[in-house]
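A.B. asks: Structure incoming, see below.
The values are calculated or read from the model by the stated rules, or taken from the named source; none is laboratory data. What you see is a predicted model, and the numbers here were worked out from it, not measured in a lab. Don't worry about glycine lacking a Cβ; one is built from the backbone with ideal geometry, like all the others, and counts go over all protein chains shown.
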Amino acid sequence: MNEPSNSVNRIEPQVGGLGMVRLAQKAAAWCVQLLLAHTVLILSIMFCAGMAAMIWQLSHLSLKLVQQAALQGTSLHSKSLEEVRKLYTSEVVDRLSDHIQATNDYATKENAIPLPVTFSMELDKRLSNQGIGMEARLYSDFPFPSRKEGGPTDDFEREALRQLRRFPDQPFYRFEDFQGHRVLRYAVADRMEAGCVSCHNSHPDSPKTDWKVGDVRGALEIIRPMDSIIAQSYAGLRDIFWTIALIGVLGLSSLALATSRLRQRSMQLEQHARALEREITQRRQTETELRRAKQAAEVAAVAKS
């Protein structure tokens with residue numbers, strides 16, 4: 001008793017599947033007709049969408065490359081400052097410590113040379129004045145009283161000190177707006193060296209006197225402006241965009257011209273086809289009339305005989 005109902009259940013999915021196939025075929029046919037009727041318009045829309053996607057991708061990729069290049073250059077700059085300070089400490093300050101005083105106010109004292117930190121900061125100032133654009137700043141939770149701006153002054157610097165004490169071997173950096181400009185702020189740990197521990201622990205103005213070799217005393221931050229680099233990158237992207245747009249316009253114009261000529265040729269062929277159809281129809285009518293006249297004449301001839 002259940003066999004008919006089971007047969008109906010099997011047939012229904014088949015019918016539904018055929019309906020979906022026919023619907024897909026109709027949709028495909030409609031798309032083909034639309035493409036044929038509005039070829040240039042549809043291709044123009046597709047070209048504009050592709051251009052927008054490509055420009056977004058190129059902009060994103062360009063920004064990443066600019067940021068990576070800035071990180072590499074800033075990392076090299078910070079390592080250079082660190083190595084210069086180590087070299088100055090070992091080859092100058094340590095050798096002259098028994099004869100000449102190393103102090104931060106060396107310019108106002110006789111027989112005095114700058115401290116390693118002061119020397120590295122003065123070196124960075126001179127490099128910045130040469131037009132490299134980067135600035136360096138050294139700060140700590142325990143600055144000497146003579147350094148009025150030696151402590152952290154904003155959220156980035158406070159967070160940098162926290163992160164560098166947790167992960168002293170990893171730099172801490174951000175791309176952010178700083179003083180009205182887009183910059184890279186790159187901070188590395190400033191560790192205590194053997195030649196610095198004795199001085200910091202014995203200096204009467206030192207706020208901390210239990211330093212050990214390897215302790216993170218503070219952070220060395222490099223501030224690198226990004227405005228000019230990003231502007232140059234976007235200028236290059238604009239040139240690429242206009243070049244591709246020009247090529248696209250020329251291509252679409254050529255396609256529109258070719259399509260217009262093909263349509264004109266198609267219309268001419270259609271007109272010729274219609275003329276031929278009319279001529280064939282007329283000939284068929286003439287042949288039919290002649291056949292009928294012949295048949296009538298034959299019938300009349302038979303009747304006379």
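A.B. asks: I'd like the full set of residues that are touching a strand residue (DSSP E or B) at 6+ places or on another chain (Cβ under 6 Å) and more than 17 Å from residue 123 (Cβ to Cβ), limited to the range 68-89.
C.D. replies: 70
A.B. asks: Another question, then. Which of the residues belonging to the range 201-223 are closer than 24 Å to residue 159 by Cβ and either touching an Asp or Glu at 6+ places or on another chain (Cβ under 8 Å) or assigned to a helix (DSSP H, G or I) (or both)?
C.D. replies: 216, 217, 218, 219, 220, 221, 222, 223 - these are the residues of the range 201-223 that are closer than 24 Å to residue 159 by Cβ and either touching an Asp or Glu at 6+ places or on another chain (Cβ under 8 Å) or assigned to a helix (DSSP H, G or I) (or both).
A.B. asks: Right, something else. Among the candidates 291, 263, which residue alone is out of contact with any strand residue (DSSP E or B) (no Cβ under 7 Å at 6 or more places or on another chain), among the charged types (D, E, K, R) and closer than 30 Å to residue 51 by Cα?
C.D. replies: Values: 291 fails: closer than 30 Å to residue 51 by Cα.
Among 291, 263, only 263 is out of contact with any strand residue (DSSP E or B) (no Cβ under 7 Å at 6 or more places or on another chain), among the charged types (D, E, K, R) and closer than 30 Å to residue 51 by Cα.
Residue-by-condition table, conditions (1) loosely packed, with under 12 Cβ neighbours inside 10 Å; (2) of a type in the set (A, V, I, L, M); (3) at pLDDT 80 or above; (4) touching a His at 6+ places or on another chain (Cβ under 8 Å):
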| residue | (1), (2), (3), (4) |
| --- | --- |
| 100 | no, yes, yes, no |
| 103 | no, no, no, no |
| 111 | yes, no, yes, yes |
| 115 | no, yes, yes, no |
| 128 | no, no, no, no |
| 141 | no, no, yes, no |
| 148 | yes, no, no, no |
| 168 | no, no, yes, no |
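A.B. asks: Just to be sure before I move on: is residue 69 assigned to a helix (DSSP H, G or I) and modelled with pLDDT under 85 in the structure I sent?
C.D. replies: no
A.B. asks: Where the second residue is part of a strand (DSSP E or B) and the first is exposed (fewer than 14 other Cβ atoms within 10 Å of the Cβ) and lies in the range 216-240, which pairs have Cβ atoms under 9 Å and are six or more apart or on separate chains?
C.D. replies: Listed by first residue and then by second, the contacts come to 227/181; 227/182; 227/183.
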